[in-house]
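As structure tokens, the structure follows; a few thoughts come after it.
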Amino acid sequence: MALLQISEPGTSPDPHQRRIAVGIDLGTTHSLVAAVRHGVAECLPDAAGRVLLPSAVRYLDASSRGQSGRAIGYSALAAQAEDPENTIVSVKRLMGRRLADIAGRTKLPYRLVDRPGMVALATVAGEKTPVEVSAEILASLRQRAADTFDDEIFGAVITVPAYFDDAQRQATKDAAHLAGLNVLRLISEPTAAAVAYGLDHGSEGLYAVYDLGGGTFDISLLRLTQGVFEVVATGGDAALGGDDIDQALADWAVREAGVQVASPQDKRAALVAARAAKEALSGVPAAIWRATIGGHVIEVPVTRARLEALALPLVERTLREVRRVLRDAKVARDDVQGVVMVGGSTRMPLVRSAVSELFGANWAGKVLTNVNPDEVVAIGAAIQANALAGNAKDGELLLLDVIALSLGLETMGGLVERIVERNTTIPVAKAQDFTTFKDGQTAMAIHVLQGERDRVEDCRSLARFELRGIPPMVAGAARIRVTFQVDADGLLGVSARELTSGVEAAVTVKPSYGLADEDIARMLREGFAHADEDMAARTLREAQVEAERMVLATRSALAADGALLGEAERAEVEHLVAETQRVAAGDDAHAVEAAVKALADGTEAFAAARMNQGIRQALAGKRLEEV
């Protein structure tokens, strides 16, 4: 008798077979790869037992040196001071960016090349994009995992900052594909940290994840309930991290020493010395900033108090984001049960004390630091990867992430109609119906936008496409349904369909560059600061658009059926049209609304006469039983 091999849905029919899936934290300073082994998620070490891989790639002139074309990780980092132009570090801050978008680019030691889509770096091995550099790091981690398991990798979950926009997320996926990785999902770094922390410690309730890495800062508020990780609100600053603290310390030390830093080698040496001093000051009250500048060894004593004074304005910026996220979620600080600290920069005593003080003097015990801040993101990604590969006995974890900025469309008058509000849980699909503005309109231009303001010029353009083939109808008769779909990776697709004819058009939003580093935070700040002003402007523009629509419709009616009116009646309608146009040119929304109402009231009898005429024409020559 044959035996049936039975397995749970979504799992392998072979109980001894498991797919090897990894979680990767592609960090600004360091990157890690983790996997679930023997039921436990752990970071995978290299041959020397180190789990951290410096996110550094050095390109070499292979023809003259007889070496491979690149060095990755520690070997690359060792040469960063002597060969800074070809040793690329913190490349994550360049992902999805054009040259004009990069803040502080004059302080970078690289030769940046402005390209239409994304900035490139000139090296001895040719021009390299941030995607290519990131792919080198990812490929090294993939090989580490393959060596550990002596097998091929089924797929990977890769983490990105919560505030990475669509272009940066797509660039990360492109880098993974270039590295030969099958991307199972992109998840936000704070979400990954919550997965690791929640499962390791059985935590439930409302938690904040404070993630201060080398290049970015994220703050997310998550609700943990029986394996469901729901992101309630998120915020952050894509241009703030430990690198900025290093730069502030380096600038101060150079001023104290009274030396000039001009060459790429000197710039990099100053930064390397600053990072070493900063890391030392996490454990001791004083250290020495020591760098070789202009061929001379320069030493500057630096105390922890001095470092904290330099870092305080940057830490205050993170605290402002924390307060905003609490306001967005409409929760009090006492409702938060704990703050998970993520990222190497959270080792600074200043950061931990500042977060404790923000939540109250007796709150220090809720700042959770008992999980390694460097490893927690990769571990969370590995847990999710294991579930997506079908290996987890409890099935897939439910991760409910959110989008950081609202998505919408341009409507008449240069206004933005928001379709998907910020902090909406993803994946999500939302649709809204629109109509035509003019009689006989057969096409519609669709402009997709991102931001919190009410006017198009204050938001970021994501994509444009056209819906053609709309059947000619009177204005307002067509029904165009526009659907926004944001997938689990945070990537957007937009489609438009005319419901009566079925004509359809769609676009996958893959912008060629991302928001400028400071733009994301700026867009949110301006959205709050200008809320009243935007509301007034929106009310005025909506009234003006309605006035224009009424004027066009009335003139069209006069041209078609003006004979139904007497001379005096027609003159009165013409006067109301002219008065509506005059008032609509001003900036008083209430006056425009009043003029539109007066025009509607003044043409009511005319509209009734046109309707009666239409009915008579439709019934002419027909018998009662035919009707």
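The values are calculated or read from the model by the stated rules, or taken from the named source; none is laboratory data. All values reported here derive from a predicted model rather than from experimental measurement. Note: ideal-geometry Cβ built from the backbone for every residue, glycine included; neighbour counts use all protein chains shown. These accessible areas exclude ligands, DNA and RNA; they are computed on the full protein's heavy atoms, side chains included. Shrake-Rupley method; radii C 1.70, N 1.55, O 1.52, S 1.80 Å.
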Item to complete: Kindly sort 30, 177 by accessible area of their heavy atoms, largest first, with the probe set to 1.4 Å.
Response: 177, 30
Worksheet item: With every protein chain left in place, what is the accessible area of residue 70 in Å² (1.4 Å probe, nearest 10)?
Response: 110
Worksheet, complete the sentence: With every protein chain kept in place and a 1.4 Å probe, the range 70-148 has an accessible area per residue in Å² of 39
Fill in: Heavy-atom accessible area ranking, 1.4 Å probe, most first, across 149, 154
154, 149
Discussion item. Can you tell me the length gained on complete extension of the stretch residue 100 to residue 353, counting 0.36 nm per residue apart and subtracting the Cα distance?
Written reply: 87.5 nm
Discussion item. Considering only C-alpha atoms, what is the centroid distance from the range 559-575 to the range 15-57, in Å?
Written reply: 79
Discussion item. Keeping all protein chains in place and using 1.4 angstrom, which order do 452, 579, 498 fall into by accessible surface area, from largest down?
Written reply: 579, 452, 498
Worksheet item: If you roll a 1.4 Å probe over the range 318-373 with all protein chains in place, what percent of the accessible area is carbon or sulfur?
Response: 47
Worksheet entry | Heavy atoms of residue 107: accessible area, 1.4 Å probe, square angstrom to 10 | 100
Worksheet entry | Over 23 Å (Cα to Cα) - which of 128/173; 438/597; 173/330; 173/267 fall in this group | 173/330; 173/267
Practice prompt. Extending each Cα 7 Å along its Cβ direction at residue 334 and residue 597, get the distance between those two points in nm, one decimal.
Written response: 4.7
